[in-house]
Amino acid sequence: MSVSDRQMKLIKEAAELLIMEHRLTTDDAVIVISSALKKELSARNTSFEKLEKGSKIDRTSFIRSVVKHVQISLESNPYWRTQNLDKSIENFYQVLHKQWD
(Lines give C-alpha, C1' and ligand atoms only; values in the text may rest on other atoms or scores of the structure.)
Protein backbone atom coordinates (compact mmCIF):
# COMPACT_ATOMS: atom_id res chain seq x y z
CA MET A 1 0.00 0.00 0.00
CA SER A 2 1.52 3.28 -1.06
CA VAL A 3 0.85 6.42 0.91
CA SER A 4 0.14 9.74 -0.77
CA ASP A 5 1.56 13.06 0.43
CA ARG A 6 -1.89 13.98 1.72
CA GLN A 7 -2.19 10.74 3.68
CA MET A 8 1.31 11.16 5.10
CA LYS A 9 0.45 14.68 6.27
CA LEU A 10 -2.72 13.36 7.90
CA ILE A 11 -0.80 10.64 9.76
CA LYS A 12 2.03 13.00 10.75
CA GLU A 13 -0.27 15.63 12.29
CA ALA A 14 -2.31 13.00 14.10
CA ALA A 15 0.88 11.38 15.45
CA GLU A 16 2.18 14.73 16.71
CA LEU A 17 -1.03 15.20 18.68
CA LEU A 18 -0.67 11.76 20.32
CA ILE A 19 2.97 12.46 21.14
CA MET A 20 2.12 15.78 22.81
CA GLU A 21 -0.95 14.68 24.75
CA HIS A 22 -0.25 11.04 25.61
CA ARG A 23 3.51 10.68 26.10
CA LEU A 24 3.82 8.33 23.14
CA THR A 25 7.12 8.05 21.36
CA THR A 26 7.13 8.80 17.65
CA ASP A 27 7.38 5.09 16.91
CA ASP A 28 4.50 4.26 19.27
CA ALA A 29 2.28 6.93 17.72
CA VAL A 30 2.98 5.69 14.20
CA ILE A 31 2.32 2.08 15.25
CA VAL A 32 -0.98 2.97 16.97
CA ILE A 33 -2.24 5.02 14.02
CA SER A 34 -0.99 2.61 11.36
CA SER A 35 -2.55 -0.33 13.16
CA ALA A 36 -5.89 1.48 13.44
CA LEU A 37 -5.79 2.43 9.75
CA LYS A 38 -4.93 -1.11 8.65
CA LYS A 39 -7.65 -2.63 10.83
CA GLU A 40 -10.30 -0.33 9.44
CA LEU A 41 -9.18 -0.62 5.82
CA SER A 42 -9.24 -4.40 6.17
CA ALA A 43 -12.63 -4.41 7.91
CA ARG A 44 -14.11 -2.30 5.11
CA ASN A 45 -12.21 -4.15 2.39
CA THR A 46 -11.17 -0.82 0.87
CA SER A 47 -8.16 1.39 0.20
CA PHE A 48 -7.20 5.02 0.73
CA GLU A 49 -7.66 5.62 -2.97
CA LYS A 50 -11.26 4.37 -2.90
CA LEU A 51 -12.00 6.42 0.21
CA GLU A 52 -10.58 9.58 -1.33
CA LYS A 53 -12.78 9.10 -4.38
CA GLY A 54 -15.80 8.17 -2.24
CA SER A 55 -18.25 10.37 -0.43
CA LYS A 56 -17.52 12.63 2.51
CA ILE A 57 -19.91 10.48 4.58
CA ASP A 58 -17.75 7.40 3.91
CA ARG A 59 -14.55 9.25 4.86
CA THR A 60 -16.14 10.63 8.03
CA SER A 61 -17.35 7.17 9.04
CA PHE A 62 -13.90 5.74 8.33
CA ILE A 63 -12.20 8.45 10.41
CA ARG A 64 -14.58 7.90 13.34
CA SER A 65 -13.79 4.19 13.29
CA VAL A 66 -10.03 4.81 13.13
CA VAL A 67 -10.31 7.24 16.05
CA LYS A 68 -12.22 4.59 18.03
CA HIS A 69 -9.42 2.05 17.41
CA VAL A 70 -6.85 4.62 18.59
CA GLN A 71 -8.94 5.41 21.67
CA ILE A 72 -9.11 1.71 22.56
CA SER A 73 -5.32 1.45 22.22
CA LEU A 74 -4.80 4.46 24.47
CA GLU A 75 -7.25 3.21 27.07
CA SER A 76 -5.61 -0.21 27.19
CA ASN A 77 -2.20 1.22 28.10
CA PRO A 78 -2.19 2.93 31.53
CA TYR A 79 0.99 4.86 30.70
CA TRP A 80 -0.69 6.57 27.74
CA ARG A 81 -4.02 7.26 29.43
CA THR A 82 -4.67 10.82 30.54
CA GLN A 83 -7.39 12.49 32.55
CA ASN A 84 -8.38 14.47 29.47
CA LEU A 85 -8.76 11.44 27.20
CA ASP A 86 -12.19 12.48 25.88
CA LYS A 87 -10.95 15.95 24.94
CA SER A 88 -7.78 14.53 23.47
CA ILE A 89 -9.73 12.02 21.35
CA GLU A 90 -11.98 14.84 20.12
CA ASN A 91 -8.88 16.86 19.15
CA PHE A 92 -7.45 13.79 17.41
CA TYR A 93 -10.70 13.36 15.46
CA GLN A 94 -10.69 17.06 14.47
CA VAL A 95 -7.13 16.81 13.14
CA LEU A 96 -7.96 13.77 11.02
CA HIS A 97 -11.24 15.19 9.82
CA LYS A 98 -9.78 18.58 8.92
CA GLN A 99 -6.97 17.01 6.93
CA TRP A 100 -9.32 14.77 4.97
CA ASP A 101 -12.12 17.21 4.19
- Item | Estimated inter-spin distance, Glu75 and Asp58, nm [label 7 Å along Cα→Cβ] | 2.9
- What distance in nm separates the simple spin-label points at Ser65 and Lys87, each placed 7 Å from Cα in the Cβ direction? 3.1
- Message: Give me the percent of accessible area attributable to carbon and sulfur for the chain, probe 1.4 angstrom.
- Response: 51
- Item | Size of charge dipole - the chain - debye, nearest 20, with Cβ of Lys, Arg +1 and Asp, Glu -1, no other charges | 280
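Compute the accessible area per residue over the chain, keeping the other protein chains in place, probe 1.4 Å, unit Å².
On the way: 6130 Å² over 101 residues.
Here the residues of the chain average 61 Å² of exposed surface.
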- Query: Over the chain, one equal point on each Cα, no solvent: what is log10 I(q)/I(0) by the Debye formula at q = 0.11, 0.15, 0.22 Å⁻¹?
  - Reply: -0.29, -0.55, -1.19
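The values are calculated or read from the model by the stated rules, or taken from the named source; none is laboratory data. Because the structure is a prediction, the values reported are computed rather than measured. Here the Cβ is made from the backbone with ideal geometry for all residues, glycine too, and neighbour counts use every protein chain on show. Surface areas here come from the heavy atoms of the whole protein model, side chains and all, with no ligands, DNA or RNA. Shrake-Rupley method; radii C 1.70, N 1.55, O 1.52, S 1.80 Å.
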